[in-house]
Each structure stands twice: as structure tokens, then as C-alpha cells.
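The values are calculated or read from the model by the stated rules, or taken from the named source; none is laboratory data. Since we're looking at a predicted model, the values are computed, not measured. Every residue, glycine among them, receives a Cβ derived from its backbone with ideal geometry; neighbour counts consider all protein chains shown.
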Amino acid sequence: MRTNGDAFVEIEVEALSKSFDGRPVLRGVDLEIRRGSFIALVGPSGCGKTVLLNLILGLLVPDAGRILVAAGDTPGARLVDLAGLDGQQRSRIYGRWAVVFQKNALFSGSVRDNIGLWLREVRDLGDDAITPIARAALTAVGLPCTDSFLEISVYSLSGGMAKRLAIARALAMDPDCLFYDEPTSGLDPLTASQIQDLLLATHSGPTVGQGRRTTVMVTHDKDLLSRLRPRTVMLHEGRVFFDGPFEAFAASTSPVIRPYFELMPILHQRGADPVMTPA
């Protein structure tokens, strides 16, 4: 297995293809994600960014190709094909990952309910164990960790607070890999800037096991890319067109990259496409 110190391959996408109603969206995507990477998936609406994310997360099934994932969390862990795993093996893999959806996907109920549900269902923890984890996660994202805040309804939260809670819920699972779909979409500039800082802090901070965290996000947010400078992967016509440092992406004069780069602020303002139109 290919390794680079402790930056071992965590996810490998091979020749991944997906069509909807006979319309190809992904046409053979290859992508390697190493532990500790900070990756932004970009590209014009309809290029397949969210489709790729959902395929990796197991929310969609590919028409062709494979998604290989590290069976363990140490260098040298073998890669296994997600499609060949049984339910228990998949749960073990996905139990090390967490996702923050564009619309946050908060559940009805309280702040405590939202943070506690996955810990209870996936980790089989009781309330006594959940409460300190919830307080630590809320503190990490800059939200109050008081009893009164834990009990308030999620419907009383501002957009920025709801986004922070969605990230806190993900962090509470102590994931090795964090996935975001348009994490700053729909936020005012000040709140978006605060969330950008939070994304970097959650990526850079160690897991409970002191390992490196991997971050993969779908975004049109040029400001986010400029500030955080992740590895940038652009999809075009169903394939990876660019894969490299943000600085090289921003400086490119490619007739494919340049027009998209200039349109990014407009696309970011619009937010994601409807569910059935892959972003």
C-alpha cells in the first residue's frame, strides 16, 4: 500500500461512474484521499460534486467503478472495496466518518437531542456519557455548553448557530474523516468567515486518539478557498479536470477553470442545486 509517513491512503475512488435517467454525471472519476488531507471539491453546477460525495458516503450506488477505504486507522491498513462489505463492516467504516449537510439536517427537538442521537444509536452511549461529550463539542464550536442551552429547541437557533451545532454534532462522534456539503452557503459574510475559521480549527485539531483528521468539502465559496487554501479538485464533464494546490487553481488561465473561477461568487450566492440536479 502507498504511504507517505502517516498520510496513508484513506479513500481511493477508481473509475467511478454514475448516470441519472440515462444522463451521465460522473464518467470515470479517479481520486485519492490521504489521511490528514484538506480537500475541496469544486466545479460548475451539474458537474457531479455532490453526487461524488454521496457515492463515497454510501447514499448512492455507483453504476461502475469502486470506492476503496482503509480498513483501519493506521499506516499500512489495507484498502477494502465498500461494495464488498457486509452491514456490520460498513457500519464500522462509517462510524469513523461524519457529515455536515448543506441545510444542516438538524432533527426536531433540543440541542441535546441532536448531539445525543448518533452517540446513542451508533456508539450505544447513555445520557451520563453523552452529556460531557456534548459539552465538549459545543465548546469546540464556540457555542454555550450550559444546561439551559442543551435544552433549547433547535428552531430557536440563528443560521450561524445551527451550522455550528451541525458541526458540533459531527465532532461529537470524534470522526477520522469529516465531510461537508456547501458549509458556508446561505450565511452572511461575517458568519461565513467565522465558520471558515471553525472548519480549519476542526480539521487541524487532533482526534481523541491524537490522529490526523481528514476533511472533504463541496463548495463554490472562493473566499473559503482563498483563506484555507485546501487541495482543490475540480470536476468537469464528469471527470477530474484539476487536482492540486489552490494557488495553482486560482492562477490558472485554463479556458475551463478561468470562467468558473470568476463565476464562483455568483454560484455560491445561489446555493446548491435542487436534489435531483447533481451539483
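So the values come out like this:
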read-out: Number of the condition not met by Phe149 [criteria: (1) aromatic (Phe, Trp, Tyr); (2) under 30 Å from Gly65 (Cβ atoms); (3) at pLDDT 90 or above]; value: (2)
read-out: Leading residue by the ranking (surrounded by the fewest Cβ atoms within 10 Å (Cβ to Cβ)) among those in region 76-88 that are under 21 Å from the mean Cα position of the chain (by Cα) and not charged (D, E, K, R); value: Ala83
read-out: Scan of region 37-96 for residues that are polar (S, T, N, Q), under 25 Å from Arg239 (Cβ atoms) and at pLDDT below 90, ordered by number; value: Ser45
read-out: Exclusive hit being more than 21 Å from the chain's Cα centre (by Cα), within 26 Å of Arg229 (Cβ to Cβ) and assigned to a helix (DSSP H, G or I), set Leu198, Leu150, Leu190; value: Leu190
read-out: The one condition in (1) out of contact with any Gly (no Cβ under 7 Å at 6 or more places or on another chain); (2) assigned by TED's automatic domain parsing to the domain that holds Arg227; (3) farther than 30 Å from Lys222 by Cβ; (4) modelled with pLDDT under 90 that Asp124 fails to fulfil; value: (2)
read-out: Test for Tyr155: is it of a type in the set (Phe, Trp, Tyr), over 14 Å from Val99 (Cβ atoms) and at pLDDT 90 or above; value: yes
read-out: Residue that is part of a loop (DSSP other than H, G, I, E, B), touching a residue at least 12 places away in the same chain (Cβ under 8 Å) and either surrounded by 23 or more Cβ atoms within 10 Å (Cβ to Cβ) or not β-branched (Val, Ile, Thr) (or both), where the choices are Asp174, Asp223, Asp243; value: Asp174
read-out: Which numbered condition Ala40 fails, given (1) in the same structural domain as Pro230 (by TED's automatic domain parsing); (2) farther than 30 Å from Tyr260 by Cα; (3) not in a loop (DSSP other than H, G, I, E, B); value: (2)
read-out: Residues of region 153-171 satisfying the condition of being surrounded by fewer than 18 Cβ atoms within 10 Å (Cβ to Cβ) and either assigned to a loop (DSSP other than H, G, I, E, B) or in the same structural domain as His220 (by TED's automatic domain parsing) (or both); value: Ser158
